[in-house]
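What follows is a short report on a single structure.
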There are 2 protein chains.
Amino acid sequence: MAIKVHGNPRSPAVQRVFLCLAEKDLEYEFVYVDLATKQQKEEPFIAINPFGQVPAFEDGDLKLFESRAITKYIANAYADKGTPLLVQDPMKMAMIEVWLEVEAQRFDAAGKTLSFEICIKPIKGLTTDEALVDQLIAQLATVLDVYEKRLAQSKYLAGDKFSLADMNHVPIINNMMKTKVRALFEQRPHVWAWCADILGRPAWQKVLAGLNF
Amino acid sequence: MAIKVHGNPRSPAVQRVFLCLAEKDLEYEFVYVDLATKQQKEEPFIAINPFGQVPAFEDGDLKLFESRAITKYIANAYADKGTPLLVQDPMKMAMIEVWLEVEAQRFDAAGKTLSFEICIKPIKGLTTDEALVDQLIAQLATVLDVYEKRLAQSKYLAGDKFSLADMNHVPIINNMMKTKVRALFEQRPHVWAWCADILGRPAWQKVLAGLNF
């Protein structure tokens, strides 16, 4: 099997890669990385990702890290398989790139830390920083206000078709659905319809069914 | 003239777009946005960037925001003009995408705020948060340790050729050169040689000569 994903299934970044592979209907080998013993900070993992964070990815001789670079590669290299996630036209692709950046720079800036504070810390027996959570909820609300206006104009972030820009949001939003942050999404009708759409996709349901941690 | 850049020349994100246009030898119109009067938070600017931050960009009917999405668009749409910044091969492009993500997620996480604290705050008469600066310097040092190993293996981040991944670093590194953070780069010989190379490029020298603020 040519494709390998190294990581921990609890990580939203690893789930993002699983989801992309599911949308593309690609088979892969999963290599478990034990974060409790910090395997991600040691060889052989850091030979692929020198920053020591999951996921790492292999496709034959190609070795990649950074979940968004990995999903971009999968979407490009397997453009003709499964769900189309990118487009060739430079102008349409530019809109996908804008919303890929918005996810990575603005949504994730609040979402990743919220997910860690509310979803991961309790599992690890750590104390959630409630003041930080309140600050991040306010930050995420301003981001979602922009999403609400955008999604009133087009069904998906980059236009009328589901794209990698929508897809990259799914694992963090899925984590938020089990927490008080869910209300931020519910209060915004276009955002809420979009969440239902992207979380309900068969590829994500397949990923969820396979998660085991 | 089809291309317009809306922004303030002091912003590293705006300078990133100027640089990309210079590498591609493209003409453009610059539309000054007065940050002091918060023009970026009002119409007509927020019609292009609903997040209210510079830069915004137009190419004919196409309207974009997020500096990295803009430079990606320019590099794609004008692939045959000026300096090649991306490649067609999915495997080689994947390495560029990895290091584009590293810049955006890891380098910039420390670099942007350092630039603001050390370079922008004194201009605005604000007090630099020295404790935060020390914390960000430590964070940037660990990122540059990885860069040092990488640049010992290849002349540029994504391989033997200059790419958009290197280019996107230039404005923040340029700001750092005038501050105590310069030492972090000087102490790492491969990083230092890379800095001299990318800051010395004619396109950046042309941008610097044209900056007026």
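The values are calculated or read from the model by the stated rules, or taken from the named source; none is laboratory data. Keep in mind the model is a prediction, meaning the values are calculated, not measured. Heads up, the Cβs are rebuilt from the backbone with ideal geometry, glycines too, and the neighbour counts pull from every protein chain shown.
Summary of values
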read-out	value
Residue selected from the stretch B:71-96 under the condition under 17 Å from A:Trp99 (Cβ atoms) and free of Cβ contacts under 8 Å to residues at least 60 places away in the same chain, by the criterion nearest to the chain's Cα centre (by Cα)	B:Tyr73
In the stretch B:154-194, residue nearest to B:Glu117 (Cα to Cα) [restricted to those that are hydrophobic (A, V, I, L, M, F, W, C), more than 13 Å from the chain's Cα centre (by Cα) and buried (at least 18 other Cβ atoms within 10 Å of the Cβ)]	B:Val181
Qualifying positions in the stretch B:19-36 - more than 18 Å from the chain's Cα centre (by Cα) and either of a type in the set (Gly, Ala, Ser) or not assigned by TED's automatic domain parsing to the domain that holds B:Ala79 (or both)	B:Ala36
Residue satisfying all of: in the stretch B:117-138; among the aliphatic types (A, V, I, L, M) and in contact (Cβ under 8 Å) with a residue 40 or more places away in the chain; surrounded by the fewest Cβ atoms within 10 Å (Cβ to Cβ) among these	B:Ile123
Residue check, B:Lys63 assigned to a helix (DSSP H, G or I), within 22 Å of B:Arg10 (Cα to Cα) and in contact (Cβ under 8 Å) with a residue 12 or more places away in the chain	no
Residue tally, condition within 23 Å of B:Met167 (Cα to Cα) and more than 18 Å from the chain's Cα centre (by Cα), over the stretch B:50-61	2
Residues being under 27 Å from B:Lys72 (Cβ atoms), outside any loop (DSSP other than H, G, I, E, B) and among the charged types (D, E, K, R) - total across the stretch B:151-184	1
Residue satisfying all of: in the stretch A:97-124; of a type in the set (D, E, K, R) and under 13 Å from the mean Cα position of the chain (by Cα); nearest to the other protein chains (Cβ to nearest Cβ) among these	A:Glu101
Inter-residue pairs, beta-carbon under 9 Å, first closer than 15 Å to A:Leu100 by Cα and in the stretch A:167-182, second assigned to a loop (DSSP other than H, G, I, E, B) and at pLDDT below 95, 6+ apart	A:Pro171/A:Ser11
Residue in the stretch A:141-151 that is within 15 Å of the chain's Cα centre (by Cα) and either assigned by TED's automatic domain parsing to the domain that holds A:Glu66 or not hydroxyl-bearing (Ser, Thr, Tyr) (or both) present	no
Check on B:Ala75, closer than 28 Å to B:Val181 by Cβ and either among the small types (Gly, Ala, Ser) or not assigned by TED's automatic domain parsing to the domain that holds B:Ile198 (or both)	yes
